[in-house]
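The next block holds one structure in the form of structure tokens; read it before the comments.
Values quoted throughout were computed directly from the atomic coordinates according to the rules given, and no laboratory measurement underlies them. All of these numbers come straight from a predicted model, not from anything done at the bench. Using ideal geometry, Cβ is built from the backbone for each residue, glycine included, and neighbour counts are taken over all protein chains shown.
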Amino acid sequence: MDISTNSIDELVLEYFRRLDERGLSEWIDKVFPTSSTLERVRELAGLSAEEAVERLANEIVNKIAVDVAAEVVRAPAETATWLLARRIALWYLQLAVELGVVRTRR
């Protein structure tokens, strides 16, 4: 399955680029969405988007290369890591909607 990159946040994309440039692509693999990621989003479907993002971010935060995150975001490591975790979580939600895994509430 091809994963859409249309909805990737520019900051997340820059984080991925920096990891790749440094030969740290294993860190990209840790957060790149898979079918189990989409299944996890489906499990959270009854929650508000905000709550789903926070829960996903909690699962993602330890999978982020702290030094690279701080450099890309230009913020203290903890702030940068949480910001990227939330943006990656939002990307997961957007992908799930694009792929029809979940629907948005109106």
Subject >> Magnitude of the charge dipole, the range 19-106, Cβ model with Lys/Arg +1 and Asp/Glu -1, debye to 20 >> reply: 400 debye
Original post:
Relative contact order (percent) for the range 10-98, with alpha-carbon contacts under 8 angstrom and 6 or more residues of separation?
Top reply: 35 percent
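Do any trypsin sites (Lys or Arg not before Pro) in the range 1-101 lie in a loop, going by DSSP, with at most 11 other beta-carbon atoms within 10 Å of their beta carbon, and if so which?
Here the trypsin sites (Lys or Arg not before Pro) that fit, given the DSSP loop and packing criteria, are Arg74.
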Original post:
Given N residues in the range 1-93, what is Rg(Cα) / (2.2 N^0.38 Å)?
Top reply: 1.03
Original post:
For the range 86-106 and the range 10-69, what is the separation of their C-alpha centers, rounded to whole Å?
Top reply: 13 Å
**OP:** Working from Cα positions, state the angle (0 to 90°, nearest 10) between the long axis of helix 77-98 and the longest principal axis of the chain.
**Re:** 40 degrees
